[in-house]
Amino acid sequence: MKTKVFISPSRYIQGAGAINVLGEEIAKIGKTAFVISDSNVWEITGEKVTDSLNNADINFHYEEFSGESSNAEIERLTKIASDKDADLVLGVGGGKTLDTAKGIANDLGIMTVVAPTTASTDAPTSALSVIYSDDGVFEGYKFYDKNPDLVVMDSEIIVGAPVSFLAAGMGDAMATLVEAKAAQNRNADTMAGGKATLASRAIAEIAEKTLFEHGVAAYKAAEQHVVTPAVDAVIEANTLLSGLGFENGGIAAAHAIHNGFTALDGEVHNLSHGQKVAYGILTQLVLEGETKEVILKYMNFFKAIKLPTSLKDLHLENASFEDLVKVGELATSDSETLQNLDPSITAKEVANAIIAVDSLSHE
């Protein structure tokens, strides 16, 4: 019998102004930082990060991130970091930046620090990276021996981003319990490398409860770029609770369907991870045979925070049935996590479920 496994970051810090303690926290684990961020994020955060690192006497080298967490980008940046003799990698930005930072640190065997500038995914706390091609097509997951050593979430920076990022994070986080229940029903292995713990299920449950209770209020506050207790609760649900929950609890169809959408061309690629995962949740619920009332509970929540619930929202209103079957083919491939829901589900059944969600959304 396989053992239960629970993994997590070594340290997680969240709050308004948390970026200011980044340097002193890094000083506890390293002396020379290799910093990556895209140009837009660095323009917003660079001065504060620089001041925090300088105040703590941390030597650092900044390198611009290209925008894709691809194997080629990880290899490019790893070589530069190696030349700089860094003893830690600091990723500042969104999910792809952080996944790339984790890849660099893993390849060099050094510490990982992430400072998310949005709460748009549950990537920051996990011991894995989602790998895409240089053109943004999903290729697979890369797993690491440990989670990040330090995660720093500045709530003020996060609410400074467009509110759609926070909403996308809620879409990603809402998948946590839905997928964990499905995976655990099949006694599937988790991404932590074992069976699910009771702790992981409890964390997934409180993540969903927090979103349903505080999500809309947090969305309204974040629209005004203010931090409230509801906002802080949702940031934690999107990042820490969802991150621990998905990695230790198991994932299933919602994320596989998200990955399936990368099989298509067009504007669907302009949508964020969490936006596509939200539609994947609704599709999974249809595949599970959930009642209309249950599906509408999630759908109405997504509508309230402007997440996709129709094919038009996904820019796929003109997609053919054959196109949706392509989504299903990728989602039901042997390496995909839809296997944790039911390996007998076909590509055509996924396409049918995608259409059923669209139909329900128009009622």
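Points to keep in mind about this one:
- Hey, Val89 touching a Gly at 6+ places or on another chain (Cβ under 8 Å) and not in a helix (DSSP H, G or I) or not: no
- Within the span defined as region 168-181, every residue fails to be more than 28 Å from Gln339 (Cα to Cα) and under 14 Å from the mean Cα position of the chain (by Cα).
- Reported count of residues in region 16-67, each being among the hydrophobic types (A, V, I, L, M, F, W, C) and part of a helix (DSSP H, G or I), is 10.
- Residue check, Thr210 surrounded by fewer than 24 Cβ atoms within 10 Å (Cβ to Cβ), under 25 Å from Pro343 (Cα atoms) and at pLDDT 95 or above: no
Matching residues to (1) in contact with a helix residue (DSSP H, G or I) (Cβ under 6 Å, 6 or more places away or on another chain); (2) in a loop (DSSP other than H, G, I, E, B); (3) farther than 23 Å from Gly15 by Cα:
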residue	(1), (2), (3)
Ala230	yes, no, no
Ala233	yes, no, no
Asn238	yes, no, no
Ser242	yes, no, no
Gly245	yes, no, no
Ala256	yes, no, yes
Lys276	yes, no, yes
Tyr279	no, no, yes
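- Taking every residue in region 222-235 that is more than 18 Å from Lys209 (Cβ to Cβ) and pairing it with any residue that is at pLDDT below 95, at least 6 positions away or on another chain, yields no pair with a Cβ-Cβ distance below 6 Å.
- Selection status of Ile80, loosely packed, with under 15 Cβ neighbours inside 10 Å and in a helix (DSSP H, G or I): yes
- Applying the condition of being without any contact (Cβ under 8 Å) to a residue 24 or more places away in the chain and assigned to a helix (DSSP H, G or I) to region 166-195 and asking which residue is farthest from Val277 (Cα to Cα) yields Asn185.
- Thr121 more than 20 Å from Gly274 (Cα to Cα) and of a type in the set (S, T, N, Q): no
- Count - residues of region 196-207 that are part of a helix (DSSP H, G or I), of a type in the set (A, V, I, L, M) and buried (at least 23 other Cβ atoms within 10 Å of the Cβ): 3
- Qualifying residue in region 251-262 (condition: of a type outside the set (Phe, Trp, Tyr), surrounded by fewer than 24 Cβ atoms within 10 Å (Cβ to Cβ) and under 18 Å from the mean Cα position of the chain (by Cα)): yes
- Positions within region 242-268 being β-branched (Val, Ile, Thr) and modelled with pLDDT of 95 or more, in sequence order: Ile251, Ile257, Val268
- Qualifying residue in region 224-238 (condition: within 30 Å of Lys2 (Cα to Cα), among the small types (Gly, Ala, Ser) and surrounded by 24 or more Cβ atoms within 10 Å (Cβ to Cβ)): yes
- The condition (being touching a residue at least 60 places away in the same chain (Cβ under 8 Å), within 30 Å of Ala347 (Cβ to Cβ) and touching a strand residue (DSSP E or B) at 6+ places or on another chain (Cβ under 9 Å)) is satisfied by just one residue among Gly260, Gly249, Gly274: Gly260.
The values are calculated or read from the model by the stated rules, or taken from the named source; none is laboratory data. Everything numeric here is computed off the predicted structure, so don't read it as measured data. Backbone-built Cβ (ideal geometry, glycine too); neighbour counts: all protein chains shown.
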